[in-house]
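Notes follow once the structure below has been shown.
The values are calculated or read from the model by the stated rules, or taken from the named source; none is laboratory data. Note that the coordinates shown come from a computational prediction; the quantities given were computed from them, not determined experimentally. Here the Cβ positions follow ideal geometry from the backbone for every residue, glycine too, while neighbour counts run over all protein chains shown. SASA here: full protein model, heavy atoms, side chains in, ligands and nucleic acids out. Shrake-Rupley method; radii C 1.70, N 1.55, O 1.52, S 1.80 Å.
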Amino acid sequence: MLEFPKLCSEYMTLVSLLIEYFPDRLSQLPSSLLDSLIQSLLFGTQQNFSGISDISFKAIQSLALYAWAESMMTQNDMSYLTTSIDGMLQQIMHALLYQPLDSSILNDAANAIFALSLCKPELFFNILNSILNQHQMIDIINKLYENFSNLSTIQKQKLFDGKFSIGWGSPGLERLPSLNSFRKLFITFVMDSRTTVIIK
């Protein structure tokens, strides 16, 4: 598909719109098709043409926020997304830390990581701890812990107050001033981690 950038862009846009507008329909898809859509989004985060990575990260953000909001506010079974969210969080973190990186994606990536981590805070903390054990980055990681915990509380309150919106046309995480500090800390963490890996 990479040989046809326009086709690739249109396909990724279609996948993203499906997730943005109809996240509640995902549970009706065969597991193989859902897995394929998730893999398409992960593939998209690694592409740097036609805004593919931007589209993909925003779709991942919306999917994670939908799963989080549903699990917090309803009794709906979201287990069909659990494995996908685990995989997305782990794969995106690994790509940011250990694979070739285009720094222009970092803001969108940070938004997606925050949304995924709302669903899986324990996994996010485990990943941070593994980096801490390898690179002794205690100051920045402690700041990330504190900042994430504060922002999680803010987002929960917005959700319970009915001020939380998800999907195409909603304000989106990237416009929330309260997330600026998380993005800055997360980007610093990624760049410092990568520098430590290169030095070693």
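Checking Ile138 against (1) aliphatic (A, V, I, L, M); (2) within 29 Å of Met72 (Cα to Cα); (3) open to solvent by 50 Å² or more (accessible area, probe 1.4 Å), which single condition isn't satisfied?
Unmet for Ile138, out of (1) aliphatic (A, V, I, L, M); (2) within 29 Å of Met72 (Cα to Cα); (3) open to solvent by 50 Å² or more (accessible area, probe 1.4 Å): (2).
Residues of the stretch 37-54 being in a helix (DSSP H, G or I) and either of a type in the set (Gly, Ala, Ser) or open to solvent by 40 Å² or more (accessible area, probe 1.4 Å) (or both), which ones?
Matches in the stretch 37-54: Gln39, Ser40, Phe43, Gly44, Ser53, Asp54.
Mind listing whichever residues of the stretch 14-36 are surrounded by fewer than 18 Cβ atoms within 10 Å (Cβ to Cβ) and closer than 18 Å to Gln61 by Cα?
Leu14, Leu17, Leu18, Tyr21, Phe22, Asp24, Arg25, Ser27, Leu34, Asp35, Ser36
Sort out for me the helices (runs of 4 or more DSSP H) sitting completely within the stretch 75-188 that have 3 or more residues that are modelled with pLDDT of 85 or more.
79-98, 106-119, 121-135
Would you say Leu81 is over 9 Å from the mean Cα position of the chain (by Cα) and open to solvent by less than 10 Å² (accessible area, probe 1.4 Å)?
For Leu81, the condition - over 9 Å from the mean Cα position of the chain (by Cα) and open to solvent by less than 10 Å² (accessible area, probe 1.4 Å) - is met.
Which pairs have Cβ atoms under 9 Å, sit 6 or more apart or on different chains, and link a residue in the stretch 70-86 that is touching a residue at least 60 places away in the same chain (Cβ under 8 Å) to one that is open to solvent by 60 Å² or more (accessible area, probe 1.4 Å)?
Filtered contacts from the stretch 70-86: Met72/Lys156; Met72/Phe160; Met73/Phe160.
Looking at the stretch 189-200, which of its residues are open to solvent by 20 Å² or more (accessible area, probe 1.4 Å) and at pLDDT 85 or above?
Met191
Would you check if Gln91 is open to solvent by 80 Å² or more (accessible area, probe 1.4 Å) and without any contact (Cβ under 8 Å) to a residue 60 or more places away in the chain?
Answer is yes for this residue.
So, in the stretch 65-107, exactly how many residues are closer than 15 Å to Phe186 by Cβ and aliphatic (A, V, I, L, M)?
Summing the residues that are closer than 15 Å to Phe186 by Cβ and aliphatic (A, V, I, L, M) in the stretch 65-107 gives 9.
How many residues does the stretch 102-131 hold that are over 28 Å from Met78 (Cα atoms) and either surrounded by fewer than 16 Cβ atoms within 10 Å (Cβ to Cβ) or among the polar types (S, T, N, Q) (or both)?
Going through the stretch 102-131 one residue at a time, the tally reaches 3.
Which residues, counting only those in the stretch 29-44, are within 13 Å of Val15 (Cα to Cα) and in contact (Cβ under 8 Å) with a residue 40 or more places away in the chain?
Of everything in the stretch 29-44, those that are within 13 Å of Val15 (Cα to Cα) and in contact (Cβ under 8 Å) with a residue 40 or more places away in the chain turn out to be Leu34, Asp35, Ile38, Leu41, Leu42.
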